[in-house]
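Following: one structure in structure tokens, then a few remarks.
The numbers here are math on the coordinates, done by the rules we state, and not lab data. It should be emphasised that the depicted structure is a prediction, and the values quoted were computed from it without experimental measurement. Cβ placement follows ideal geometry from the backbone for every residue including glycine, while neighbour counts extend to all protein chains displayed.
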Amino acid sequence: MAKLSCDFRYLLIPAAFVFIYIQMRLFTTQSEYADRMAEAVDAEHHCTSQMRLLIDQISMQQEQIVALEEGKKRKDQECAQLKTLVNDLEKKALQRVIDKTQVPVAAVVIMACNRADYLERTVASVLKYQSSVASKYPLFVSQDGSDPRVKTKALSYKELTYMQHIDYDPVHTDRPGELIAYYKIARHYKWALDELFYKHNFDRVIILEDDMEIAPDFFDYFEAAAALLDKDKSIMAVSSWNDNGQKQFVYDPYALYRSDFFPGLGWMLTRSVWNELSPKWPKAYWDDWLRLKENHKGRQFLRPEVCRTYNFGEHGSSMGQFFEKYLAPIKMNDVKVDWKSQDLSYLTEDKYAQYFADILKMAKPIPGTDPALMASNIEGDIRIQYRDQSDFEYIAQQFGVFEEWKDGVPRTAYKGVVVFRYHPPRRVFLVGPDSLQQLGIENA
């Protein structure tokens, strides 16, 4: 019995070691668990902090989105109010200037952008002669963009209707280095003409730019020309401008011509012509586009010998191109011609070619060598034949008239013939290589 008790005691010693080992492992495990728990708690605290920060940022962004949405709503409301205001102004202005018993000859629109001082000068010139015929020629100003000075100036006139073209679409030029102004101008022209022909339902529109003054008989001239436009569909438009209208090259305020070259700078067209042009209107350089044969399709333009407009715009999109040489010396008519008493039937297509051929046949032919000197020593009208474009440019340079061509047509030309005064009243005819044939002139 004593031996068994001793053996049991010996067994307690390893059991004690095992117990101590187990306790140490338990302590180690508990320590590791406690450390991991602490790390987990720290990670949870960090995640909670990051989550709160993210929630705060999202809340701030949501507040900003709400504020932007409210701002957009306010802007939309303001735009709607402004649009309503503009429409009301247009309606009120039209009611003021159009006598419902009088069918307008044409709407007159002044194309403006950001030159308030130029616009003021142009409007003053137009109102000087338009006021007495306001019911025949309702006056509009169409502004491209939002220059506040131009808008304020335009709205200060009770005699006209204000239109505003706002275009936020980006401009992509066809070639690097091009001025985007020419693209914006083309967009503005299309918008304004669409408005006048399709919204306001005018049959004819006269287009002026914001750097022009007009002659005393400007409106009478266009009223007389309107009858020709309606009668003769071979006339595409009527212009008040002569590219070779410098004071040294003009004489007769009654003289009118047909031309294959679009003059622009104060011109009138009909809704039927605009119906054709509007769907294919170009992205830029609209005036040169109209000079392409594929667009005027053999139709011609009426122009005066003495300009009925004067372009004072030295500063503009064209950077004053040609101003000193060609625009500043322009002679604007100062004679009040009674156009109602004039018989303009000679300008219709079936009569004009013969009329022009008759005056051309009477001109004395001279060779092209030193033509300006020879012309100075000859009495009466003269004609000089040129061989090609380079020959024309050489002769034109001798006299100082425009040398430029577009799509095979010299400026102001009719059937290739350019006419101007030289030591007035003498006329000089620069005649193309096949002009006489086109006009049916033989053995001249």
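Amide H contacts under 5 Å for H165: Q143, D144, G145, restricted to partners 5 or more places along the chain or on a different chain, H placed in the peptide plane at 1.01 Å from N. Taking 19 Å as the straight-line reach from the Cα of K136, the lysines in range (excluding those fewer than 8 positions away in the same chain) are K91, K92, K100, K128, K158, K199, K336, K340. Amide H contacts of R383 (H built 1.01 Å from N, in plane; Pro and chain starts excluded): K364, I366, F429 sit under 5 Å, all sequence-distant by 5 or more or on other chains.
Site pair R52 and T348 shows an inter-label distance of 9.4 nm when each label is modelled 7 Å from Cα along Cα→Cβ.
Extension gain for Q30 to N377 (0.36 nm times residue separation, less C-alpha to C-alpha distance): 112.3 nm.
Note that the range 332-345 has calculated 3J(HN,Hα) couplings of 9, 4, 10, 9, 7, 6, 8, 5, 5, 8, 8, 8, 9, 5 Hz, one per residue in order, obtained from phi through the Karplus relation 6.51 cos²θ - 1.76 cosθ + 1.60 (θ = phi - 60°); glycine and proline are x. Taking every DSSP beta bridge that has both ends in the range 349-438, the antiparallel portion is near 50%.
Once the Cα-Cα distance is subtracted from the 0.36 nm per residue extended length, the Q62 to E403 segment shows a gain of 116.2 nm.
For the chain, a Gaussian network of Cα nodes joined below 10 Å ranks Q77, Q23, Q397 by mean-square fluctuation, and the top entry is Q23.
Simple point charges give the picture: +1 on the Cβ of Lys and Arg, -1 on the Cβ of Asp and Glu, and for the chain a dipole about the Cα centre of about 640 debye. Between the amide H of F140 and those of V108, V109, I110, T161, distances stay under 5 Å, these residues lying 5 or more places away or on another chain, with hydrogens modeled in the peptide plane. If you sort the three axes of the alpha carbon gyration tensor as a ≥ b ≥ c, you get a/c of 1.5 or more for the range 349-438 and a/b no higher than b/c, which makes it oblate.
For the chain, a Gaussian network of Cα nodes joined below 10 Å ranks D76, D220, D117 by mean-square fluctuation, and the top entry is D76. Between the range 95-171 and the range 233-274, the alpha-carbon centres lie 22 Å apart.
Taking the C-alpha atoms only, the angle from helix 389-399 to the longest principal axis of the chain is near 70 degrees. Within the chain, DSSP assigns beta bridges of which about 45% are antiparallel (rounded to the nearest 5).
Between N275 and C79, the FRET efficiency estimated from the beta carbon spacing at R0 = 22 angstrom works out to 0.15. For GluC sites (Glu not before Pro), the sites in the range 362-409 that DSSP calls loop and that have at most 16 other Cβ atoms within 10 Å are E379, E403, E404. Axis of helix 218-231 versus longest Cα principal axis of the chain: the two differ by about 90°, to the nearest ten degrees. When Rg/Rh (Cα atoms, Kirkwood Rh) is computed from the coordinates, the matching label among [x] 0.97; [y] 1.50; [z] 1.03 is [y]. Beta bridges per DSSP, both residues in the range 98-342: antiparallel share near 40 percent. Rank A34, A227, A106 by mean-square fluctuation in a GNM of the chain with C-alpha springs under 10 angstrom and give only the top-ranked residue. So, out of A34, A227, A106, the one fluctuating most is A34.
Per residue, the average separation of C-alpha pairs within less than 8 Å and at least 6 apart gives the chain a relative contact order of 13 percent. Loop-located trypsin sites (Lys or Arg not before Pro) across the range 286-387 with a Cβ neighbour count of 14 or fewer within 10 Å are K297, K336, R387, with loop assigned by DSSP. Any chance you could give the angle, 0 to 90 degrees and rounded to 10, that helix 2-97 forms with the longest Cα principal axis of the chain? Computed tilt is about 20 degrees. Helix-only arithmetic for the chain: the sum of -39500 (n - 2.57) across DSSP H runs with n ≥ 4, divided by the residue total, places the mean residue ellipticity at 222 nm at -15000 deg cm²/dmol. Can you figure out the FRET efficiency of D203 with E324, using R₀ = 30 Å and their beta-carbon distance, to the nearest 0.05? Efficiency, rounded to the nearest 0.05: 0.20. Derived scalar couplings between HN and Hα for the range 246-254 equal 5, 4, 7, 10, 10, 8, 9, x, 8 Hz in order, rounded to whole Hz, by the Karplus curve 6.51 cos²θ - 1.76 cosθ + 1.60 (θ = phi - 60°), x for Gly and Pro.
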